[in-house]
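No lab work stands behind these numbers, since they all come straight from the coordinates. Being a predicted model, the structure only gives us computed values, none of them experimental. Cβ sites come from the backbone with ideal geometry, for glycine too, and all protein chains shown count toward neighbours.
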Amino acid sequence: MQEKIHQIAVTTQTPVDASCPSAINLMGLDRAAMEAFFVDLGEKPFRATQVLKWIHQLGVNDFSEMTNLSKQLRQSLSESCEIRVPDIVSDELSKDGTRKWLLSVPGKSAIEMVFIPEESRGTLCVSSQVGCTLNCSFCATGKQGYNRDLTTAEIIGQVWIAKHLLAAQYQTDDRIISNVVMMGMGEPLLNFENVVSAMHMMQDDFCFGLSKRRITLSTAGVVPKIDALKESCPVSLAVSLHAPNDELRNELVPLNKKYPIADLLAACNRYVEDSARSRITFEYVMLQGVNDELAHAHQLAVLMKQVPSKVNLIPFNTFEGIDYTRSSNSRINRFRDVLHENGVIVTVRKTRGDDIGAACGQLAGDVMDRTRRAEKFKQQQNKIYTKFTQKFGKM
Ligand code: SF4
């Protein structure tokens, strides 16, 4: 079976006829949905686990190879179903080992996915939407506007593709992806059902078998959905905070106007209450002269005392057309030290993959924007450029 995985890893394309729009994509069915599907066909529910195992553990995407199913069932599945994942447009390897894929999805768009290898683990950063509706001011994805939510098949399909390509790269079927973070393009809690279903498959022993602890969902703070997540799939939670007061957060993360910091922290406390999750990770992008003053660090320390937490400081990764700059190392260190002195657990994220645009905040894909935000962003940048050239001449 090992050879099979490696062979698929090289091709990655599904053999199913793309001209069959009514085919049911079994890639997107979690265990409950797969069981219901087979019961509807008049089959026993255990067929679900057999097929999940073929698809996700063994990387088989051709029904004719599922040899523990009857010939008749294989034939009927190949006539009415498919096993489809997004197509790979590009595959780049950073000098630090980070690997980034651009994947095309229907709707003339493309999303990005990143794998970050480390000594003791390998983290896959997965996208949940084509673009994002939230428009955080420092985020490349936000500037691209929004097209649509990804389907469950397109979300779990990213893990499927990465698993098999990485098996080929590292020449092993050992668990290369030890952690998955829902931190790619999009706000995962605004695509709740599909994301939760995909996260169930990440945990399912017949699919990818990751523990809840090794799956992290990162949100800008969609408060009601944090409560819903606790009920349906309580994975590790990260919150994109980025500012220690509402006034500044309203600017950086506009969603804050709807769900201010006090409401967000209350939801975080409810999330960790009576659960195995011991603390929430708060992400804080370091923007020079914007949110990196000592006063901000002191304000943040006060907030962090209100919830079991740790802070992850993220040096800003720039992208074309944005005015923010990364805080200097000395400012980041000073900020970290204030938090530390105030008893806050704090780490500084190491920048990875920035030479291929794969670092945190740089993911952009290719979004057929429905919001006109991308166009407005370009117009705004053109105006700034015109003003600049009028003053200083052409660059
Ligand atoms: S930071 Fe996250 S929530 Fe904000 S615009 Fe970017 S992708 Fe969307």
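Ordering SER240, SER211, VAL222 by the projection of their Cα atoms onto the charge dipole of segment 200-241, which places +1 on the Cβ of Lys and Arg and -1 on the Cβ of Asp and Glu, puts SER240 at the extreme positive end. Entry note, the chain: the mean residue ellipticity at 222 nm calculated from DSSP H runs of n ≥ 4, each adding -39500 (n - 2.57), is -11000 deg cm²/dmol after division by the residues and rounding to the nearest 500. Choose one answer from MET304, MET183, MET202: the residue with the largest mean-square fluctuation in a GNM of the chain with alpha-carbon springs under 10 Å. Per the Cα network of the chain with a 10 Å cutoff, MET304 tops the list. Going from the residue with the fewest nearby Cβ atoms within 10 Å to the one with the most, ARG249, ARG214, ARG121 rank ARG121, ARG214, ARG249.
Taking the chain as a Gaussian network of alpha-carbon nodes connected by springs under 10 Å, the highest mean-square fluctuation of the residues SER127, SER330, SER78 belongs to SER330.
Ordered by the number of other Cβ atoms lying within 10 Å of each residue's own Cβ, fewest first, THR133, THR151 fall into the sequence THR133, THR151. Need one number: the % of Cα-Cα pairs in the chain sitting beyond the 41 Å mark. For the chain, the fraction of Cα-Cα distances above 41 Å is 17 percent. What residue among ASN191, ASN329, ASN317 has the largest mean-square fluctuation in a Gaussian network model of the chain, using Cα springs under 10 Å? Judging by the Gaussian network model, the answer is ASN329.
Among beta bridges identified by DSSP and lying wholly in the chain, the antiparallel ones come to about 45 percent. In order along segment 191-206, the Karplus-derived 3J(HN,Hα) couplings, from 6.51 cos²θ - 1.76 cosθ + 1.60 at θ = phi - 60°, round to 10, 4, 4, 5, 5, 5, 4, 5, 5, 4, 5, 4, 8, 4, 4, 8 Hz, and Gly and Pro are given as x. As a rough footprinting exposure proxy, the listed residues HIS56, HIS164, HIS296 were ranked by other beta carbons within 10 Å of their own, and the order from fewest upward is HIS296, HIS56, HIS164. Over 21 Å apart at the Cα level, from the set LYS100/LYS212; LYS100/LYS163; LYS53/LYS225; LYS71/LYS163, are LYS100/LYS212; LYS53/LYS225; LYS71/LYS163.
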